[in-house]
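Below: one structure, written as structure tokens.
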Amino acid sequence: MMAQVPEDGTLLPLMEEFYTIQGEGYNTGKAAYFIRLGGCDVGCHWCDVKESWDADMHPLTAADEIVQHASKYPSKAIVVTGGEPLIYNLGYLTAQLQKSGLKTFIETSGAYPLSGSWDWICLSPKKFKAPVQQVADKADELKVIVFNKSDFAFAEHNALMVSDKCKLYLQPEWSKAKEMTPLIVEYVMNNPKWEISLQTHKYLNIP
Ligand SMILES: C[S@@+](CC[C@H](N)C(=O)[O-])C[C@H]1O[C@@H](n2cnc3c(N)ncnc32)[C@H](O)[C@@H]1O
Ligand SMILES: Nc1nc2[nH]cc(C(=O)O)c2c(=O)[nH]1
Ligand code: SF4
Ligand SMILES: [Mg+2]
């Protein structure tokens, strides 16, 4: 964690906040307020939000202020993403969100230990920095990005780490979607414990 980010989670480097439709995974299609925290060292070469990586680029913001903003929208669903949000202690932020009657959802690579209280955990594991077992145990949804054919074996390896109740998704990497989507379709038809997840917000041209 960066030196100037207090351990108590009351200040967090905020890259952006926006109200949109959850585009991916189990909750696709539902309105949600997104909180995007800066800072990530996982280093996915195809990451679609590389501007988030350097935490120093994003102002330390009071978690209380973030909660105030998040409370103003019709949907109660709040998605915390990044960057890699679990770099930070999310205990304070999620406690305050839940106290305000909001539901807490996280998008994480699982590369750092779990902090915070979550109504929904989406684990998107990466080859570049393996997820910790503690996050895999608690994941409600496993969403593996398919960049090439070897990612099907990587997906099965990660499916062994999650609980029986965890939903399983394969999502094409955006720049390879034309090539990989037909392979995912075939894989899901042959292995129906998996479902396909598309980045629907990109087709809709919304954030
Ligand atoms: C930008 S990440 C931030 C949260 C966290 N660092 C993670 O990777 O889960 C949000 C989601 O977008 C996915 N993602 C990032 N770049 C992508 C791309 N080029 N194509 C498809 N999905 C992508 C990630 O796997 C993750 O599920
Ligand atoms: N609409 C929309 N849905 C999303 N689901 C996960 C996202 C993320 O970047 O974490 C994301 C995003 O950036 N936009
Ligand atoms: S872990 Fe998430 S934010 Fe970090 S580089 Fe990978 S996709 Fe991007
Ligand atoms: Mg995104």
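The values are calculated or read from the model by the stated rules, or taken from the named source; none is laboratory data. Note that this is a predicted model, so its numbers are computed, not measured. FYI the Cβ positions are ideal-geometry reconstructions off the backbone, even for glycines, and counts take in every protein chain you see.
Observations
- With respect to the conditions (1) out of contact with any Ser or Thr (no Cβ under 7 Å at 6 or more places or on another chain); (2) polar (S, T, N, Q); (3) assigned to a loop (DSSP other than H, G, I, E, B); (4) closer than 28 Å to C166 by Cα, Q4 lacks only one, and its number is (4).
- Test: I145 is within 16 Å of ligand 2 (Cβ to nearest atom), surrounded by fewer than 18 Cβ atoms within 10 Å (Cβ to Cβ) and at pLDDT 95 or above: no
- Test for S71: is it free of Cβ contacts under 8 Å to residues at least 40 places away in the same chain and within 18 Å of G101 (Cβ to Cβ): yes
- Some residue of region 153-161 being touching a Phe, Trp or Tyr at 6+ places or on another chain (Cβ under 9 Å), aromatic (F, W, Y) and at negative phi: no
- Residue match in region 19-28 (condition: crowded, with 20+ Cβ neighbours inside 10 Å, within 16 Å of ligand 4 (Cβ to nearest atom), more than 20 Å from P131 (Cα to Cα) and of a type in the set (V, I, T)): no
- From the options A95, A177, A155, A111, residue that is more than 15 Å from the chain's Cα centre (by Cα) and within 11 Å of ligand 1 (Cβ to nearest atom): A177
- The one condition in (1) within 28 Å of Q98 (Cβ to Cβ); (2) in contact with a strand residue (DSSP E or B) (Cβ under 7 Å, 6 or more places away or on another chain); (3) in contact (Cβ under 8 Å) with a residue 24 or more places away in the chain; (4) among the hydrophobic types (A, V, I, L, M, F, W, C) that M180 fails to fulfil: (1)
- Condition check for A70: at pLDDT 95 or above and more than 30 Å from N148 (Cα to Cα): yes
- Breaking point among (1) within 15 Å of ligand 2 (Cβ to nearest atom); (2) crowded, with 21+ Cβ neighbours inside 10 Å, for V49: (2)
- The listed residues are L160, L142, and the only one of them that is over 18 Å from F34 (Cβ atoms), touching a Cys at 6+ places or on another chain (Cβ under 8 Å) and not polar (S, T, N, Q) turns out to be L142.
- Considering (1) surrounded by 15 or more Cβ atoms within 10 Å (Cβ to Cβ); (2) farther than 24 Å from E195 by Cβ; (3) under 16 Å from the mean Cα position of the chain (by Cα); (4) more than 9 Å from ligand 1 (Cβ to nearest atom), the lone condition that A77 does not fulfil carries the number (2).
- Qualifying residue in region 53-74 (condition: within 12 Å of the chain's Cα centre (by Cα) and within 16 Å of ligand 3 (Cβ to nearest atom)): no
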